[in-house]
Amino acid sequence: MRLLGKYGAKQEVQKNRQIWDYLAIWVRPNWETLRLLVPVAILWVALAFLSPSFLTVTNVTNIFVNAAPLALAAAGLTVVMIAGDLDLSVGSAMALVSTACALLMVQYDVFWVLALLIGLLIGVATGTVNGLLSTTFNIPSFIVTLAMMSTLRGIALVLSNGQAVTGLPSSVTSIATTTMFGLSAIIWIPAVVIPTLGFILSRTSLGLNIYAVGGNREAAKIAGVPIRRTRVIVLSISGAMAGFAGIISTARLGVGSPIIAQDLILDAIAAVVIGGTSLFGGVGRMSGTVLGVILIATIRNGLVLMNVSAFYQSVVIGLVILAATSLDSVGSKRDD
Amino acid sequence: MGVIEAEAISKSYSGVSVLEKVNLSLNAGALTGLVGENGAGKSTLVNVLTGLTRPDSGRLILDGRPVSHWSHVEARQAGISVIPQELLLVPDLTVAQNIMLGEPLVRGGLAGRAVGLRDNEGSERRAEELLDEIGVSSIDVRGRVRGISPSQAQIVLIARALRRDARILILDEPTAALAAEERDKLFGLLRRLLGRNTAILLVSHHLHEVKELAENVTVLRNGRVVAELASHEITIPAMVQAMLDRSLDEQFPPVNHEPAEDTVLEARVANEPALREVSFSVRRGEILGVTGLLGAGKTELARALVGLDGSHGVIATYGHPYQPTTPRQGVRKGVLLVPEERKAQAIIPELSVYRNGVISSITKGLRRMGLSAIFPDSRTIHSLFSKMVADVGVRYAKESQSAGRLSGGNQQKLVIARALACSPRVLVLDEPTRGVDVGSKRDIYRIIVEQAKAGLGVILISSDTREVWALSHRLLIFHHGVMATELDHPRNRTHDELVILLSPADVDDLLVDSEGIGEI
């Protein structure tokens, strides 16, 4: 009996252990990513000294709330770029999602939760279409999404007649003001979604396939990776991120707008590249992108606090991209 | 005294020595042959001469003076030109533009000089002069490079080298893509260049060519100079003997099991352009060798078996037929390919050793593997990986190190372990030991035999005839896409008998391949 009990207990332990094995996310410090913490920390300390209003709860919250759409777009783009693809249509997809959600609620009286869900699905659908077009007709995703960037924006403008869609139900606008555990709901969405994507990338088979497709497509194909499916999924993920970002923007602005996120893609690519993701695919980490987003958002915020003209902001962001990426290539220079 | 001399050059990559105290001297007006097996260090040595690779130690002596700083810029200034194996030309530029590439002629006059206006007519005239100089009149300098033949491409590259006043010309496998008469033309050209006092280094697997042209020959084996032959010593047997150390290389494990009666795989490959209709079957535990010369269709067969270029036939595993359209199907049905080009087709360099090793295992799907199919770090997959890398003998420092940093032999073993971790029924190995060090070769042979003994069907595709001769239960010899000969138990014959069957037409080339050196 005793033996049996022992055996049973051991079995139980092993079973638990196995589940733990599947889900375990032990945080492995990655120095290449953490290197980015240095400039971010320096920046935060400097700004705390330069501007008394920088390190206040309101301002810090503000930084993160403002950065939420960018963070989501950049997270999606990270996945896409690791797979060796590119998605330029994120901003336009956001505008389409925002416009469509608002129109559904205002013109067609769709219940707001359902309308937002449909918005999210529209986001996913734009990505899936990108993926299918690129894989079916063998057009580089750069070209497909460049075309979709224009097309989706155009659809949003046509649907809304170029006007912001006003008169949203108050439930939607109140998302922006709702807090959970002291954090705005606007922050909660990326705070849940982005780590999930990070987990998928670093811990799951899909993630492994994504790295493999970006790292060496031919080798991945021979090894049995479903190239086409992986690429469609990757672009769909990016579309889903555009959906989330579009919903957040709509809630914050209180209107559905066809002209939001016009330049977002530039900041998103910048954040991803600063975060160490390779433009050629196969290399990259979600944590790097998050730090890249924080860096850009902090610079923008700090420059505003210090009353620096918006024109200079662009100059500074540009220089930061150059500095971050050149440091990176110096660091990774091979000896052979 | 040589025009350029390499003295005691050593180079190693991640602890593996590629060149060890290598000496080489090139003389004006003389052709030096550089021969050795794949992985002997020939290309590394060429890269050192051209400044692309910095040696760990040793020095270069140019015209009697040791050089202090050496990069491809200095190499070019010193008049060194390489005609690489892959003929790197810009296809959409004209022949003249390609010849003048890098330093095109600029129009005279103030405006022309200031803006750098291209002088097309001048360039074409100059290109024509250069081609005349080497006695070639059949190439239209105004035509695009896209349409020209490999031999013409080679001539364009040689003309470019002359344009840059090359005193030292390095040719890497220049005849690999050439037909016989084109080869003769090239040799004529090389002789004329020698007459103009150019120093030439010829890197080649084709020993009869080296014998025909070379005044002296340096033989490399495993990164060392094992022989330096003067002109009267240059014979094919002498070179072969130096290239291959039988005592080291020829340790094939004994294959003393017989395959089972049941068939694991039947293949019928049709409408693959490089192959006539081919059909054969593999029994459980059988090692089926496939060999043939370059262009025989070996690689095309390997690719067709896993559906790499779309569907080219019907495969049946245990009597269940399917038409593979992507390798994924093969992976799921247990028919896996270890491809020919390790770097381009097998290793994902930035991913870790572990991830590279498990990428095929996770494709089996939820139904067969449960949650493990979703989580590559799960214990099931990890233990599979550990077992396979241990069995195959993959050596690495950490599972998390990037696979691109492993040595070629370990990368190859990792790719084999990756395939075996899927518990395949049939493993298709395309040139599994090409460019692999001797120790890894032995590991690979051992695992092939062990796995076959355990019931795996192996299709061993190789241009190394000794390998297939020693390991196969049955051997298929291909000739221009046709399955020309089928031999049971090839070891019942001598290796030389087998080699005669490869290509009875071309005895000269056979002589080379009979020594198991490489492809014709």
Practice task
Evaluate the Kirkwood expression for the hydrodynamic radius of region A:27-88, namely the inverse of the mean inverse distance over all pairs of different C-alpha atoms, and round to one decimal in Å.
Solution key: 14.1 Å
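Over all directions, the average projected area of the alpha-carbon convex hull for chain B comes to how many nm²?
Numbers: hull surface 107.7 nm².
Hull-based average projected area comes out at 26.9 nm².
Can you sort B:D437, B:D119, B:D132 from fewest to most other Cβ atoms within 10 Å of each residue's own Cβ?
Working: B:D437 19, B:D119 16, B:D132 11.
The order, fewest Cβ neighbours first, is B:D132, B:D119, B:D437.
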Practice task
Give the Rg (one decimal place) followed by the Dmax (whole number) of region A:186-230, computed from C-alpha coordinates and expressed in Å.
Solution key: 13.1, 43
Fill in the blank from the handout: Computed over the Cα atoms of region A:63-111, the Rg and Dmax in Å are 14.0, 41
Handout entry: Dipole-positive endmost among A:T151, A:L295, A:A324 within the protein assembly as shown (Cβ charges, Cα centre)
Key = A:L295
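When the Kirkwood radius is taken over all Cα pairs of region B:1-147, what Stokes-Einstein diffusion coefficient follows at 37 °C and 0.692 mPa s, in µm²/s? If you can, show how the numbers build up before the last one.
On the way: Rh = 18.1 Å.
So the translational diffusion coefficient is about 182 µm²/s.
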Fill in the blank from the handout: Given backbone amide H placed at 1.01 Å from N, residues whose amide H is under 5 Å from that of B:F478, ignoring those fewer than 5 places away on the same chain, are B:T291, B:G292, B:A484
Fill in the blank from the handout: Diffing region B:199-214: the Karplus 3J(HN,Hα) column from phi (6.51, -1.76, 1.60, θ = phi - 60°), in whole Hz with x for Gly and Pro, holds 8, 10, 10, 10, 9, 7, 8, 8, 5, 5, 5, 4, 4, 5, 9, 7
Practice task
Pairs of Cα atoms under 8 Å, at least six residues apart: use those to get the relative contact order of region B:148-306, whole percent.
Solution key: 13 percent
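Please state the charge dipole magnitude for region B:19-86, taken about the Cα centre, from unit charges on C-beta atoms (+1 on K and R, -1 on D and E), reported in debye and rounded to the nearest 20.
Details: 6 positive and 6 negative charges, 35 e Å.
So the dipole magnitude of region B:19-86 works out to roughly 160 debye.
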Handout entry: Rg/Rh for region B:393-475, where both radii come from Cα atoms and Rh is the Kirkwood radius
Key = 0.97
Handout entry: Extended-chain gain in nm, criterion 0.36 nm per residue less alpha-carbon gap, B:A344 and B:L371
Key = 6.6 nm
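Once you have the Cα-Cα distance between A:T56 and A:E218, take 0.36 nm times their residue separation minus that, and quote the gain in nm to one decimal. Before the final figure, lay out the partial values.
On the way: separation 162, 0.36 × 162 = 58.32 nm, distance 5.12 nm.
Separation in residues times 0.36 nm, less the Cα-Cα distance, equals 53.2 nm.
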Exercise for the section: Give the relative contact order (percent, whole number) for region A:28-329; include only Cα pairs under 8 Å separated by 6+ residues. Expected result: 35 percent
Problem - Selection of chymotrypsin sites (Phe, Trp or Tyr not before Pro), region A:170-243, meeting DSSP coil and at most 11 other Cβ within 10 Å - result: A:F181
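Please state, to two decimals, what the Cα-based radius of gyration of region B:4-248 comes to when divided by 2.2 N^0.38 Å (N = residues).
Details: Rg = 19.1 Å, N = 245, 2.2 N^0.38 = 17.8 Å.
Normalised Cα radius of gyration, region B:4-248: 1.07.
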Completion exercise
With Rg from the Cα atoms and Rh as the Kirkwood inverse mean 1/r over Cα pairs, region A:118-196 has an Rg/Rh of 1.09
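Treating the beta-carbon of each Lys and Arg as +1 and of each Asp and Glu as -1, no other charges, what is the dipole magnitude of chain B about its Cα centre, to the nearest 20 debye? Before the final figure, lay out each step's value.
Numbers: 60 positive and 64 negative charges, 429 e Å.
Around 2060 debye, computed over chain B.
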Completion exercise
One finds the C-alpha centres of region B:439-483 and region B:33-110 to be spaced, in Å, by 38 Å
Fill in the blank from the handout: Dividing the mean separation of Cα pairs under 8 Å (6+ apart) by the residue count of chain B yields a relative contact order in percent of 15 percent
Practice task
Would you be so kind as to identify which of A:S174, B:I416, B:G310 lies farthest towards the positive end of the dipole of the protein assembly as shown, taking Lys and Arg as +1 and Asp and Glu as -1 on Cβ and the Cα centre as origin?
Solution key: A:S174
Fill in the blank from the handout: Reduced to Cα centres, the span from region A:104-153 to region A:34-86 in Å works out to 27 Å
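Given the Cα-Cα distance of B:A397 and B:S10 and 0.36 nm per residue of separation, how much length would full extension add, in nm?
Numbers: separation 387, 0.36 × 387 = 139.32 nm, distance 2.40 nm.
Fully extending the segment from B:A397 to B:S10 adds 136.9 nm.
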Exercise for the section: Please find the FRET efficiency linking A:T151 to A:R35, where r is the Cβ-Cβ separation and R0 is fixed at 45 Å, and quote it to the nearest 0.05. Expected result: 0.70
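What does the charge dipole of the protein assembly as shown about its Cα centre add up to, to the nearest 20 debye, if the Cβ of each Lys and Arg holds +1 and the Cβ of each Asp and Glu holds -1?
Details: 79 positive and 76 negative charges, 661 e Å.
Charge dipole of the protein assembly as shown: 3180 debye, to the nearest 20.
Per the Cauchy relation, a quarter of the hull surface: what is the mean projected area of the convex hull of the alpha carbons in the protein assembly as shown, in nm²? Don't jump to the answer; show the numbers that get you there.
Numbers: hull surface 187.2 nm².
Hull-based average projected area comes out at 46.8 nm².
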Problem - Per-residue Cβ neighbour rank within 10 angstrom, fewest leading, B:L169, B:L229 - result: B:L229, B:L169
Completion exercise
So, for the Cα atoms of region B:305-457, Rg and Dmax in Å stand at 14.9, 43
Practice task
Kindly give Rg over Rh for region B:347-423, based on alpha-carbon atoms, with the Kirkwood expression for the hydrodynamic radius.
Solution key: 0.96
Handout entry: Inter-site label distance for A:M306 and B:D184 at 7 Å from Cα along Cβ, in nm
Key = 7.8 nm
Fill in the blank from the handout: Listing A:D87, B:D184, B:D172 by rising number of other beta-carbon atoms within 10 angstrom, fewest first, gives B:D184, B:D172, A:D87
Handout entry: Rh by Kirkwood over Cα pairs, then Stokes-Einstein D for chain A at 0.692 mPa s and 37 °C, µm²/s
Key = 155 µm²/s
Fill in the blank from the handout: By the DSSP-based rule, helices of chain A that are at least 24 Å long along the axis (C-alpha) and have a mean Kyte score of at least 0.0 are A:57-82, A:90-107, A:112-136, A:141-160, A:185-203, A:227-253, A:286-305, A:310-331
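Since every read-out is calculated from the coordinates, none of them should be taken as a lab result. Since the structure is predicted, the reported quantities are computational estimates derived from the model, not experimental observations. Positions of Cβ are backbone-derived with ideal geometry, glycine not excepted, and every protein chain shown enters the neighbour counts.
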